[in-house]
Amino acid sequence: MLARGTSGAVVGWHRMLRKSLLHPLPLPSSCALLGPNLPDVWVPRQNTSDTHFSERQNFEFEGVKSNAVILGGKSIAQDVKQKVAEEIGRIKRTIGKSPKLAVVLVGDRRDSQTFIHIKLKACEQAGIETSVALLPQNCEKKELLDVVTNFNKDPAVHGIIVQLPLPQHLDEENVINFVNPEKDVDGFHPLNIGNLAVKGRKPFFIPCASKSCIELLLRHGVEIGGKRAVVIGRSKIAGLPTSLLLQRHHATVSMVHAFTENPEWVTSEADIVVADVGMPNMIRGNWLKQGAVVVDMGTNQVKHPNKEGFRVIGDVCYEEAIKVASALTPVPGGLGPITISMLLSNTLDAAKHAYGLV
């Protein structure tokens, strides 16, 4: 039984419902539901606009002695490489076969060529065979996808990497999606990223930089579970998968990106800070909580101040961070060497899967 005064309202509601069924409102498009596809364009920050933040984090850097632990990666990388090489040796002796990595490089970017050279040298030292496909800067999409397809079909190839970034006229996502996820040793395929995001599922491969970040933290005894972690940057190569992996280890994770308001404030609450921005020295000492653990994923080539040529520095201002953090990674010599070793490890796992050894 309806209460007094409600019957008219109910009748009106039914009329409105029938009208909406006959003339439904347009549903939001999938693009609207997913949000605008805006690129992360980082703007260098000369100083913080929040004066309260400056007062709160006003550390006197000059003259302060640092007790920070340097989270070096060279010894960890060497240990991983040695174990990979030993296992490859056992596989060769047992079945007479070796892992093989296929590398696709488009264009002539100096940094990409340097990274490929380092990867190929590491493969040779570990006993991994390699095949390199070099394509011109102006190659067509079909030409690139044909190369990837051939590697996908080749049973002798166990791992495939397409060196990023690609020239602007090529769709990176489309190319990544084309790689067989069981050979995607970079771990960028949507199937691998998706399985990384879902608790209880296991991707074929975890992206190398993210895997190296967690490996470094665990080996140095850094507690992750229950800690506040901030990942600065959300690239598919490092930032996004690192945030997913930190959640897997039960950290409380926040992501800071180019549209985050007051990123210094967000970062200053973190026990663990991971930087993946691609801008030299962007994260300053006053962004950091006293005693934070800082992992710098940045590798930025800048002109050397005292001599000709270039040097590599990170996204974090090392000279300032070392006086605030309890531990931090150097650049170079931090995550870089471990990341290369994780590529070797992923390639070995791909070969073991292909040979039925797992």
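The values are calculated or read from the model by the stated rules, or taken from the named source; none is laboratory data. If you're wondering where the values come from, they're calculated on a predicted model, not measured in any experiment. In this analysis, Cβ positions are derived from the backbone assuming ideal geometry, glycine residues included, and neighbour counts consider all displayed protein chains. These area figures cover heavy atoms from the full protein model, side chains too; ligands, DNA and RNA do not enter into them. Shrake-Rupley method; radii C 1.70, N 1.55, O 1.52, S 1.80 Å.
For the condition in contact (Cβ under 8 Å) with a residue 40 or more places away in the chain and either touching a Lys or Arg at 6+ places or on another chain (Cβ under 8 Å) or of a type in the set (F, W, Y) (or both), what is the one hit in A251, A270, A258, A327?
Numbers: A251 fails: in contact (Cβ under 8 Å) with a residue 40 or more places away in the chain; A258 fails: either touching a Lys or Arg at 6+ places or on another chain (Cβ under 8 Å) or of a type in the set (F, W, Y) (or both); A327 fails: either touching a Lys or Arg at 6+ places or on another chain (Cβ under 8 Å) or of a type in the set (F, W, Y) (or both).
Being in contact (Cβ under 8 Å) with a residue 40 or more places away in the chain and either touching a Lys or Arg at 6+ places or on another chain (Cβ under 8 Å) or of a type in the set (F, W, Y) (or both) holds for just one of A251, A270, A258, A327, which is A270.
For the structure I just gave you, tell me whether V104 is buried (at least 19 other Cβ atoms within 10 Å of the Cβ) and either hydroxyl-bearing (S, T, Y) or in a helix (DSSP H, G or I) (or both).
no
For the range 340-357, state whether one or more residues are touching a helix residue (DSSP H, G or I) at 6+ places or on another chain (Cβ under 8 Å) and free of Cβ contacts under 8 Å to residues at least 60 places away in the same chain.
Looking for residues that are touching a helix residue (DSSP H, G or I) at 6+ places or on another chain (Cβ under 8 Å) and free of Cβ contacts under 8 Å to residues at least 60 places away in the same chain, one finds none in the range 340-357, hence no.
Quick test of your reading of the structure: E143 fulfils all but one of (1) assigned to a loop (DSSP other than H, G, I, E, B); (2) open to solvent by 70 Å² or more (accessible area, probe 1.4 Å). Name the failing condition by number.
E143 satisfies every listed condition except (1).
Mind counting the residues in the range 187-238 that are touching a residue at least 40 places away in the same chain (Cβ under 8 Å) and either surrounded by fewer than 18 Cβ atoms within 10 Å (Cβ to Cβ) or of a type outside the set (A, V, I, L, M) (or both)?
19
Which numbered condition in (1) surrounded by fewer than 20 Cβ atoms within 10 Å (Cβ to Cβ); (2) in contact (Cβ under 8 Å) with a residue 60 or more places away in the chain; (3) out of contact with any Lys or Arg (no Cβ under 9 Å at 6 or more places or on another chain) is the only one that Q163 fails?
The number of the failed condition is (3).
I'd like to check something: does the range 337-351 contain any residue that is part of a loop (DSSP other than H, G, I, E, B), over 19 Å from I224 (Cβ atoms) and open to solvent by 40 Å² or more (accessible area, probe 1.4 Å)?
Among the residues of the range 337-351, not one is part of a loop (DSSP other than H, G, I, E, B), over 19 Å from I224 (Cβ atoms) and open to solvent by 40 Å² or more (accessible area, probe 1.4 Å), which makes the answer no.
What residue, among those in the range 70-88 that are touching a Pro at 6+ places or on another chain (Cβ under 7 Å) and either crowded, with 16+ Cβ neighbours inside 10 Å or among the β-branched types (V, I, T) (or both), is farthest from Q125 (Cα to Cα)?
Per the criteria, the residue is I70.
State yes or no: is G291 open to solvent by less than 30 Å² (accessible area, probe 1.4 Å) and part of a loop (DSSP other than H, G, I, E, B)? Spell out how you get there, then give the answer.
Numbers: open to solvent by less than 30 Å² (accessible area, probe 1.4 Å): no; part of a loop (DSSP other than H, G, I, E, B): yes.
Taking the combined requirement at face value, the residue does not satisfy it.
Exactly one of these conditions fails for A156: (1) closer than 28 Å to L216 by Cβ; (2) of a type in the set (A, V, I, L, M, F, W, C); (3) in a loop (DSSP other than H, G, I, E, B). Give me its number.
(1)
Quick one: in the range 296-323, of everything that is in a loop (DSSP other than H, G, I, E, B) and among the β-branched types (V, I, T), which residue is modelled with the highest pLDDT?
Among those that are in a loop (DSSP other than H, G, I, E, B) and among the β-branched types (V, I, T), it is I322.
Considering only the range 284-330, how many residues are of a type in the set (G, A, S) and over 24 Å from I214 (Cβ atoms)?
The total comes to 2.
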